[in-house]
Amino acid sequence: MQEDDGIKKTKPLDVRAAIHRTAWIARDIREITLEFCEDPRALLGEPAKPAEFFSPVSPLPGQFVHIAIPGVFLRRPISIAGHDGRLLRLIVRRAGRGTDMLCSLPAGSELRALLPLGNPFPLDEIKSISDCGGDVWIVSGGIGLAPLLFLSGWAKESGIRLDSFAGFMDREKIFGVSELEACGVCGLSIGGFVTDLITESLKKRKPGLMIACGPAPMLAALQKICGEHRIAAYASFEERMGCGIGACLVCNCGFHENGGFRYRRACIDGPVFSLSEASF
Amino acid sequence: MERTDTSCALCGVKLKNPFIAASGTFGFGREFDRLYDISCWGGISVKGLTLKAREGNPPHRIAETASGILNSVGLQNPGIEAFINDELPWLAAKGTAIIANIAGGTEEEYVEIARRLSDASVDIVELNISCPNVKEGGVRFGTSPSSAARIVGAVRKACRQPLMAKLSPNVTDIASIAKAAEEAGADAISLINTLTGMAIDARTRAPVLANVTGGLSGPAVKPVALRMVYETSRAVSVPVVGMGGIMTGEDAAQFMIAGAAAVMVGTANIADPMSGPRIIAEFEKFLADYNIKSLGALVGSLKT
């Protein structure tokens, strides 16, 4: 049952965090690293350890954090772009009032963060395809690259090659490319459709799996391509979110299931879903 | 300092404290129980239940507003049988009062849901005649005294548990509807459900919510809710359960002073999933700080 699958995951923690570093890395794209202010194990009644020696959470690529921004009513779900054992890395696109306020906070600002939330990318599947000599491609559109950078960092550490296709609206919006190049061949699409690059590349090679994150039209186009070429694909989805933990049912995305239609919650059933089942 | 006993009875059902998680913001409790022990609540009002499973409305289903949210979920739920079989056994063992919030498209549906609940381990049935986000039923039953009385009366006959009518604020005279519900047999009144509203994206000229309109909740509606709880508690003799924008323990105290015997916390759960235990602790501290020895000394104590 879907409900149970969602519930068996690691317990998320609501922790106090402070902005360690914050800087623009492209137009309207800000990189923010957070450090944890306290040992949340203490909150659970377990012995506390000095925070600098560990991170209280072990997020996986594809998971997200629900951030309370001072002065903003609802928390904002932000995908995790990296985690080095101590610092949590976020890459945020300034897109509205909440992210605008998040991007304007100086280093040292305190926030509350609930994490890790949601399902990670299919790491075992990526590993086994790679082990069998298959290719895994990652496909991004704009800020959709953020969670995929966490994945590429994980892949590099795990000795897995990931080839990537990254789309950006224009040159001023480009970020993260050197990290992609560190774990495989990276194709860039600037001001066009990243899926055109995919179509071209598929004439030469066929991957065993694609992992994507980007705007809905990109995911819809990729779904069509993957369907035609019979390539398995997973994508990270987003929808306006409320509680972030699966209770309020506002962040639903539509999927085909057993010949019918079903909503699934982006926050707890996702945000990573099999792309072939998505209903755009 | 001595802790004030905050236990109370709501139409004969004992609550360990007067805090109830509001329907539609707490699911069936499972998700929150991963974050903290949900038995800290006096009661939990579950996601609105319909006879058959409902998929709900298309996204977007939420819009942030000044000091609140608009939602239009559209009563997505697995249906009454799935609730009784898959959710209730776990929830009923949690040690908190269970309130089944029920919604129907027709009078017969409401009656049938109440009948199916008669053998279930549910403490109170909350009659949702105030959902603004469904095409049939919902708020249409709750906007006139006569239609409210008809549905309350019909369900009262079929319902074994105490019956609480949840009222809509989208009316001209809340007290007359509350009175009609009381006369038809309601054992308690809960209010307010959400205020109908809408949000528009000026750049695309499209409504933010796919359903065009939605229900407004959160601190934005608290003054309206306080006024309605005040008016209702003076008009009826059954207990009133107040809700609407409670974010702190002191907010809850305000509702009780206005006349609420118990309160529900809803939108706060969505804005901050950890807020339930915090609000309950804040309320207990408020009682201690102001030397309030019993809930009875607070409820309806408004000085005018």
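The values are calculated or read from the model by the stated rules, or taken from the named source; none is laboratory data. Computed from a predicted model, the values in this text were never measured in an experiment. Here Cβ is always computed from backbone atoms with ideal geometry, including for glycine, and neighbour counts include all displayed protein chains. Side chains included, ligands, DNA and RNA excluded: accessible areas come from the protein's heavy atoms. Shrake-Rupley method; radii C 1.70, N 1.55, O 1.52, S 1.80 Å.
List of remarks:
- If the segment from A:LEU87 to A:ARG262 were pulled out straight at 0.36 nm per residue, it would be longer than the present Cα-Cα gap by 59.3 nm.
- Counting only residues at least eight positions apart within a chain, or on another chain, the aspartates and glutamates with an alpha carbon under 19 Å from that of B:LYS285 are B:GLU2, B:ASP5, B:GLU250, B:ASP251.
- Candidates A:GLY259, A:GLY62, A:GLY71: whichever shows maximal mean-square fluctuation once chain A is modelled as a Gaussian network with Cα springs under 10 Å: A:GLY259
- Of A:LEU74, A:LEU151, A:LEU34, the one that fluctuates the most in a GNM where chain A has Cα springs shorter than 10 Å: A:LEU74
- Efficiency of FRET between A:ARG230 and B:TYR36 - r from beta-carbon atoms, R0 35 angstrom, step 0.05: 0.15
- Most to least accessible of A:CYS243, A:CYS186 (protein chains only, probe 1.4 Å): A:CYS186, A:CYS243
- Legend: calculated FRET efficiency, A:CYS132 to B:SER118, from the Cβ-Cβ distance at R0 = 56 Å, rounded to 0.05, equals 0.45.
- Ellipsoid semi-axes in whole angstrom, largest first, where each is sqrt(5λ) of the Cα gyration tensor of region B:1-132: 25, 20, 14
- Each label was represented as a point 7 Å from its Cα along the Cα-to-Cβ direction; for A:SER279 and A:PHE193 these points are 2.4 nm apart.
- Above-threshold pairs, the threshold being 24 Å between Cα atoms, out of A:LYS156/A:LYS203; A:LYS11/B:LYS94; A:LYS173/A:LYS203; B:LYS52/B:LYS179; B:LYS16/B:LYS52: A:LYS156/A:LYS203; A:LYS173/A:LYS203; B:LYS52/B:LYS179; B:LYS16/B:LYS52
- For the chain pair B and A, the buried solvent-accessible surface (1.4 Å probe, both sides summed) amounts to about 3000 Å².
- Cα point-scatterer Debye curve for region B:177-239, base-10 log of I(q)/I(0) at q = 0.23 Å⁻¹: -0.92
- Shape call, chain B: gyration tensor on alpha carbons, a/c limit 1.5: rounded
- Sparsely packed trypsin sites (Lys or Arg not before Pro) within region A:177-268, loop by DSSP, other Cβ within 10 Å at most 13: A:LYS203, A:LYS204, A:ARG205, A:ARG230
- Rounded to the nearest 20, the size of the Cβ-charge dipole of the protein assembly as shown about its Cα centre is 640 debye, with Lys and Arg at +1 and Asp and Glu at -1.
- Solvent-accessible area of A:ARG94, all protein chains in place: 100 Å² (probe radius 1.4 Å, heavy atoms, ligands and nucleic acids excluded).
- Principal-axis tilt of helix A:216-229 within chain A, Cα atoms, nearest 10 degrees: 40
- Per-residue mean of foreign Cβ neighbours for B:68-75 is 3 (Cβ atoms of other chains, 10 Å radius).
- Virtual spin-label span in nm between B:ALA206 and A:ALA182, 7 Å along Cα→Cβ: 3.8
- Among B:ARG150, B:ARG160, B:ARG203: highest mean-square fluctuation, GNM of chain B, C-alpha pairs under 10 Å: B:ARG203
- Solvent-accessible ranking of B:ASP5, A:ASP124, A:ASP269, largest area first, probe 1.4 Å: A:ASP124, B:ASP5, A:ASP269
- Beta bridge orientation in chain B: antiparallel %, DSSP, nearest 5: 40
- Heavy-atom accessible surface of A:HIS229, to the nearest 10 Å², is about 70 Å², with a 1.4 Å probe and all protein chains retained.
- Solvent-accessible surface (1.4 angstrom probe) belonging to B:SER176, in square angstrom, nearest 10: 40
- The mean count of C-beta atoms from other chains within 10 Å of the C-beta of residues in B:51-57, rounded to a whole number, is 2.
- Heavy-atom accessible area per residue - the protein assembly as shown, 1.4 Å, Å²: 40
- Region B:1-54: trypsin sites (Lys or Arg not before Pro) falling in loop per DSSP and having at most 13 other Cβ within 10 Å: B:ARG3, B:LYS52
- To put it simply, the accessible area of region A:123-236 at a 1.4 Å probe is 53 percent carbon and sulfur.
- Residue-averaged 222 nm ellipticity for chain B, from DSSP H runs of 4+ at -39500 (n - 2.57), nearest 500: -8500 deg cm²/dmol
- Taken about its Cα centre, chain A carries a charge dipole of roughly 340 debye when the Cβ of each Lys and Arg holds +1 and the Cβ of each Asp and Glu holds -1.
- On the beta carbon distance between B:GLU284 and A:ALA18, with R0 = 22 Å, the FRET formula returns roughly 0.15.
- Straight Cα distances below 20 angstrom link B:LYS157 to the aspartates and glutamates B:GLU107, B:GLU108, B:GLU109, B:GLU112, B:ASP119, B:ASP123, B:GLU126, B:GLU182, B:GLU183, B:ASP187, with same-chain residues fewer than 8 positions distant left out.
- Partners of B:LYS303 within straight-line reach, counting lysines whose Cα lies under 21 Å from its Cα and excluding those fewer than 8 residues away in the same chain: B:LYS222, B:LYS293.
- Rounded tilt (10° steps) of A:145-158 against the dominant C-alpha axis of chain A: 90
- Couplings 3J(HN,Hα) for region B:205-217, derived from phi with the Karplus relation 6.51 cos²θ - 1.76 cosθ + 1.60 (θ = phi - 60°), are 6, 9, x, 5, 8, 4, 7, 6, 10, x, x, 8, 8 Hz, where x marks Gly and Pro.
- Order of exposure, largest accessible area first, which applies to B:GLU182, B:GLU81, B:GLU31 with probe 1.4 Å: B:GLU81, B:GLU182, B:GLU31
- P(r) tail for the protein assembly as shown: Cα pairs beyond 33 Å make up 45% of the total.
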